[in-house]
Amino acid sequence: MQAIRSLFIRKCSSDVRLDGKTAVVTGGNTGIGKETAKDLAARGARVILACRDTAKGEQAASEIMRELEGGKVVVKQLDLANTKSICLFAENVYNTEKYLHYLINNAGVAMCPHARTVDEFEMQFGVNHLGHFFLTFLLLDLLKHSAPSRVINVSSAAHAMGKIQFDDLNGDKNYHPVKAYAQSKLANVLFTRELAKRTEALGVTAFSVDPGMVNTEITRHLRRPLVDIIKILSFMIRTPAEGAYTNIYCVVTPDSQMVTGGFYRDCASADSCRAGQDDGTALKLWAVSCHMLGIRWR
């Protein structure tokens, strides 16, 4: 069984150090985010866990620092379902950090019942896409100041099932939890492509990542048929540490080996689905996202 797993789970083998670098990891208190944070801290980076639940964040930070002698991990409150919280988080970062080299937009919700964010966006689109879009917008000046810097957006293989429903982004007409999740993950890929075009000349590169099928808390809303399928495919399910490999790859791999705007899977460049390569849709999504958030981002 382990031999089969090794065929499709590729570990990032780089020993690159990150001393003097600062990273923000959203959803860093659990799952892929926590494992990503742990690896970056082990390489010497100062890591900010951006967490909705700060008590869980502090517990995760304590566990990481107990494991890593001299690890630099701090916790800051961030609720991606609330634009006011995102603003307060960004203000806190600007007040306490001189640099930000890596923004890892990892947090997310998956296949939940229909719900709204504080700002009345559909929860999955609001958190997975708009929350991270707004966070990146607010932190861009610090990323530019710290260049070369990188933004890593954690997407999913589910993006291939997605379609951007511009006439029903909030799911008011027809909500389906799986379709809404796929839409948000496709939005991550499209956002990455358009962001890369706008920031490459500024020294900020962007990558989207498919971490694979990972056993994390994000699956808590799955219904029975999907749970049964996952059990059947259990040999393919990755641990959170394995799910973090490609995040880490996109942080530590030299610029000369990376393509900004690219999609990465199993520690290598990959092709997103055709819809994820549609630059016209990416540009329209950018404009619509700015309108929904009430911002101007040229």
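Each reported figure results from applying straightforward, stated rules to the coordinates on display, with no laboratory input. All figures in this text were calculated on a predicted structure; none of them were measured in a lab. Note that we place each Cβ from the backbone using ideal geometry, even for glycine, and neighbour counts take in every protein chain shown.
Worth a mention:
- Note, ³J(HN,Hα) from phi for segment 143-154, Karplus 6.51, -1.76, 1.60, rounded to Hz, x at Gly and Pro: 5, 5, 4, 9, 3, x, 9, 9, 10, 10, 9, 7
- Computed about its Cα centre, the charge dipole of the chain is approximately 200 debye, with only Lys, Arg, Asp and Glu carrying charge at their Cβ.
- Counting neighbouring Cβ atoms within 10 Å and putting the fewest first, the residues I64, I164 line up as I164, I64.
- Of all aspartates and glutamates in the structure, the ones whose alpha carbon falls short of 17 Å from that of K84, not counting any fewer than 8 places away in one chain, are D53, D119, E120, E122.
- Take every pair of alpha-carbon atoms less than 8 Å apart whose residues are at least six positions apart; their mean separation over the length of the chain yields a relative contact order of 19 percent.
- Euclidean distance between Cα centres, segment 153-199 to segment 246-271, Å: 20 Å
- Normalising the average separation of contacting C-alpha pairs (under 8 angstrom, six or more residues apart) by the number of residues puts the relative contact order of segment 94-167 at 44 percent.
- Residue order, fewest to most surrounding Cβ atoms within 10 angstrom, among D19, D119, D39: D19, D119, D39
- Across segment 12-34, the residues whose backbone nitrogen lies under 16 Å from the label position 7 Å along the beta-carbon direction of T96 are 22-29.
- A straight chain from K84 to S62 at 0.36 nm per residue would run longer than the Cα-Cα distance by 5.2 nm.
- Per-residue [θ]222 nm for the chain (sum of -39500 (n - 2.57) over DSSP H runs n ≥ 4, rounded to 500): -12500 deg cm²/dmol
- Fewest neighbouring Cβ atoms within 10 Å first, the residues V47, V16, V73 line up as V16, V73, V47.
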